[in-house]
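I have placed the structure first, in the form of structure tokens, so that the comments after it can refer back to it.
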Amino acid sequence: MNHFKRILNFARPFIKHAWLSGLFNVLYAIFNILTVLSFLPVLAILFKTDTKTYGKPMYKGIANSFDFLKDSFYYEITQHVASNGVLATLGVICAVCVGLFFFKNLFRYLATFELAYINNGIVRDLQNALYSKIIELPISYFSEKRKGDLMSRMTLDVQAVQASFLSTLETIFRDPITICITLLMMFSMSAKLTLFVFVMLPVSGWIISSIGKKLKANSMKAQKEGGRFLSFVEETLTGLRVIKGFNAENKIKNRFLASTSNYAKLMVKVTQRQALASPTSEFLGALTIIAILWYGGNLVLSNNSHLDAPTFFTYIGLFYSVLAPVKSISGAFSKIQKGGASAERILEILETENSIKEVENPTCKTSFDKEIVFDNISFKYKEDYVLKNFSLTIPKGQTVALVGQSGSGKSTLANLITRFYDVNEGSISIDGTDIRNLTKKSLRDLMGIVTQDSILFNDSVAENLSLGTEKSSEAEIVEAAKIANAHEFIKDLAAQYQTNIGDGGNKLSGGQKQRLSIARAVLKNPPIMILDEATSALDTESEQLVQGALEKMMKNRTSLVIAHRLSTIQKADLIVVLKKGEIIEQGNHTELLKTKGAYYNLVNMQTF
């Protein structure tokens, strides 16, 4: 229920609709009771009970309110029978019943009409909040999570919350009101009989509650398994070429089949438990009805109570009308228990703290004027340090290249300067200001990033290029493409700059994708450029085209270049050689070759 309350916080913007729904539900509950009570005179006429009341009844206090209303109704009927006869009076009563049923169902529809805004609005806001949170969370969060599990939370879990929590909103809004008003009327009809009902109902509630607790536990396991098999699907689609190339179809399929089999077993248990709630509540309701018939029948036949046969049958009708909402609430409780597991998984993301936080009043930096300084920084992802006591100064306008073995900390420096991660010790500053004191937006506005993997989106060429800008003219997009040596192949595409490049840009070659990534960075026009192994995945011809594009792009900019291919960094102002997170050599290409150290050995190996 705690998760349910936290999900309902998303209903705050729809408070007006909630009040209207509540009002219509109160009116529905009143007319629901009146439709049952309207049969009381019909029963009296059919049973030929002496219900004639010739004197106008007097109100004697709230304790006798039901008798007053009943006697007043009988008084009006007596007058009508005297004037128009029994059959005419029966016709009028039936017409009143039709009117009451019409208004009862009208108010029920209006209550549901208003509730639709709340239900669908919460789903929309929940998905928006999840998406916003996923974009906001740091890169480190996703390195430990399965993509399929996150997709499952955004789809399956939100659907489960809608099917469980939000589908019960109508029940929660309407049925407690109906039960309260009906029980008050039942109490006024017979206090003894209603107190007897109150003794019976808690037993039913306890049994249904015990079913619900087990349901939530199984639901949580099922949702986790659902996320797991979605991860298999995502990984299969991404790595299909490798799976086929290694003839691993059966191996991967068996893993998937094991996951879906486990999911099916868990869902069988969930469905069976859920199915048990409704017949259990119906059976308990039937037992209660039989007990009421026995106890109420004794009251009517003993002549020691003012309860007569028509009133008793009306009381049974009221109890039946309250039984349906009680059953709905027990079913809703079962659904809430089932949806609790999904809500917990959604809230786990929404309530995750972002480890990359901004200071209270961060500085918004709009220009880069002097230098970037890595001051004695150390960083570790988990236990072992990737960088240790690293210091480096990059003056404005210079190109600094980082080289070294895989795992030496080169890409980590790119992640730290962009604040995808924060340093454990030391500081990184731009123009003397610690980047942790800058707004993340203004910091990243100063930088353009070209990575080894060309991350492109299933959209047009123009939309992909203008990703980092608010608005770009066609001329600016074309000029950026020309600088990146991309214009020549773009103009040969079917719709040129409006051509859709497919999922991940799969309609293009590796070199073409990389040149689009460079054009995107050029169009952003940042003062600082970060190139993370931008040519390592390319063939020689593509590398030459991309390298030419990179050289054009880096003119008059400060660049941090991470490279495996040393041929691409020979013109760098400073080359820094890293080993296990520490600088072992630094200088320009000519100076480092003369020392015949680690860099010299790397160049010789690549030349060989």
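Within segment 443-456, does at least one residue satisfy the condition of being touching a residue at least 24 places away in the same chain (Cβ under 8 Å), in the same structural domain as residue 510 (by TED's automatic domain parsing) and at positive phi?
No, segment 443-456 contains no residue that is touching a residue at least 24 places away in the same chain (Cβ under 8 Å), in the same structural domain as residue 510 (by TED's automatic domain parsing) and at positive phi.
Against the condition over 28 Å from residue 394 (Cα atoms), acidic (Asp, Glu) and not in a loop (DSSP other than H, G, I, E, B), how does residue 488 come out, does it pass?
Details: over 28 Å from residue 394 (Cα atoms): yes; acidic (Asp, Glu): yes; not in a loop (DSSP other than H, G, I, E, B): yes.
Here the answer is yes, as residue 488 does meet what is asked.
Please go through segment 460-518 and give me each residue that is among the hydroxyl-bearing types (Ser, Thr, Tyr) and within 21 Å of residue 529 (Cβ to Cβ), ordered by number.
Narrowing segment 460-518 to residues among the hydroxyl-bearing types (Ser, Thr, Tyr): 460, 466, 469, 472-473, 497, 499, 509, 517.
Once the filter is applied, which keeps residues that are among the hydroxyl-bearing types (Ser, Thr, Tyr) and within 21 Å of residue 529 (Cβ to Cβ), segment 460-518 yields 466, 469, 472, 517.
Name the pairs: first residue in segment 304-321 and farther than 23 Å from residue 180 by Cβ, second residue at pLDDT 65 or above and among the β-branched types (Val, Ile, Thr), Cβ to Cβ under 7 Å, at least 6 apart or on different chains?
Going by the 7 Å Cβ cut-off, the qualifying pairs are 308/300; 309/300.
Considering 321, 278, which residue is at pLDDT below 75, assigned to a helix (DSSP H, G or I) and buried (at least 17 other Cβ atoms within 10 Å of the Cβ)?
Checking each option against the conditions leaves just 321.
Yes/no matrix, rows are residues, columns are (1) out of contact with any Pro (no Cβ under 8 Å at 6 or more places or on another chain); (2) among the aliphatic types (A, V, I, L, M); (3) under 17 Å from residue 551 (Cβ atoms); (4) at pLDDT below 80:
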| position | (1), (2), (3), (4) |
| --- | --- |
| 427 | yes, no, no, no |
| 455 | yes, yes, no, yes |
| 471 | yes, no, no, yes |
| 498 | yes, no, no, no |
| 516 | yes, yes, no, no |
| 519 | yes, yes, yes, no |
| 529 | yes, yes, yes, no |
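Kindly list, by first and then second residue, each pair from a residue in segment 487-506 that is within 9 Å of residue 461 (Cβ to Cβ) to a residue that is outside any helix (DSSP H, G or I) and small (Gly, Ala, Ser), limited to pairs with Cβ atoms under 9 Å and residues at least 6 apart or on different chains.
If the second residue must be outside any helix (DSSP H, G or I) and small (Gly, Ala, Ser), the pairs left are 495/460; 497/460; 498/460; 499/460; 500/460; 501/460.
Are any residues in segment 484-499 of a type in the set (A, V, I, L, M) and buried (at least 17 other Cβ atoms within 10 Å of the Cβ), and if so, which ones?
Correct list: 484, 486, 490, 493.
Considering only segment 130-148, I want to know if a residue exists there that is assigned by TED's automatic domain parsing to the domain that holds residue 267, more than 30 Å from residue 422 (Cα to Cα) and among the β-branched types (Val, Ile, Thr).
No, segment 130-148 has no match at all.
Using beta carbons and a limit of 8 Å, which pairs, at least six apart or on different chains, have the first residue in segment 108-132 and without any contact (Cβ under 8 Å) to a residue 60 or more places away in the chain and at negative phi and the second one of a type in the set (A, V, I, L, M, F, W, C) and surrounded by fewer than 18 Cβ atoms within 10 Å (Cβ to Cβ)?
Close Cβ pairs satisfying both conditions: 127/154; 131/154.
Looking only at residues that are among the hydrophobic types (A, V, I, L, M, F, W, C) and surrounded by fewer than 15 Cβ atoms within 10 Å (Cβ to Cβ) in segment 351-366, which one is modelled with the lowest pLDDT?
359
Quick test of your reading of the structure: residue 505 fulfils all but one of (1) at negative phi; (2) modelled with pLDDT under 80. Name the failing condition by number.
(1)
Pick out, from segment 63-144, the helices (runs of 4 or more DSSP H) lying fully within it that include 3 or more residues that are among the charged types (D, E, K, R) and modelled with pLDDT of 80 or more. Before you say what the answer is, go through the steps one by one.
On the way: elements: 65-84, 86-136, 139-143.
So the answer is 86-136.
Let me confirm something: among 438, 443, which residue is buried (at least 20 other Cβ atoms within 10 Å of the Cβ) and in contact with a helix residue (DSSP H, G or I) (Cβ under 7 Å, 6 or more places away or on another chain)?
Criteria check complete, one pass: 443.
Search segment 504-525 for residues being more than 20 Å from residue 471 (Cβ to Cβ) and touching a strand residue (DSSP E or B) at 6+ places or on another chain (Cβ under 8 Å), and hand back the single one that is surrounded by the most Cβ atoms within 10 Å (Cβ to Cβ). Please lay out each step first, then the result.
Pass one, segment 504-525, residues more than 20 Å from residue 471 (Cβ to Cβ): 504-515, 517-518.
Restricting the remaining residues to those that are touching a strand residue (DSSP E or B) at 6+ places or on another chain (Cβ under 8 Å) gives 507, 514, 517-518.
Working: 507: 16, 514: 30, 517: 28, 518: 27.
Among those that are more than 20 Å from residue 471 (Cβ to Cβ) and touching a strand residue (DSSP E or B) at 6+ places or on another chain (Cβ under 8 Å), it is 514.
Would segment 401-417 turn up any residue that is within 18 Å of residue 528 (Cα to Cα), assigned to a strand (DSSP E or B) and in contact (Cβ under 8 Å) with a residue 12 or more places away in the chain?
Taking every residue of segment 401-417 in turn, at least one turns out to be within 18 Å of residue 528 (Cα to Cα), assigned to a strand (DSSP E or B) and in contact (Cβ under 8 Å) with a residue 12 or more places away in the chain.
Give just the number: which of (1) modelled with pLDDT of 80 or more; (2) in a loop (DSSP other than H, G, I, E, B); (3) touching a helix residue (DSSP H, G or I) at 6+ places or on another chain (Cβ under 7 Å) does residue 369 not satisfy?
With (1) modelled with pLDDT of 80 or more; (2) in a loop (DSSP other than H, G, I, E, B); (3) touching a helix residue (DSSP H, G or I) at 6+ places or on another chain (Cβ under 7 Å) applied to residue 369, the lone miss is (3).
Pick out the one residue from 455, 449, 394 that is more than 19 Å from residue 358 (Cβ to Cβ), of a type outside the set (Ser, Thr, Tyr) and outside any strand (DSSP E or B).
One residue alone meets the criteria, 455.
The values are calculated or read from the model by the stated rules, or taken from the named source; none is laboratory data. Quick caveat, the model's predicted, so the values are computed rather than measured. Counting neighbours? That spans all protein chains shown, and the Cβs are built from the backbone with ideal geometry, glycine included.
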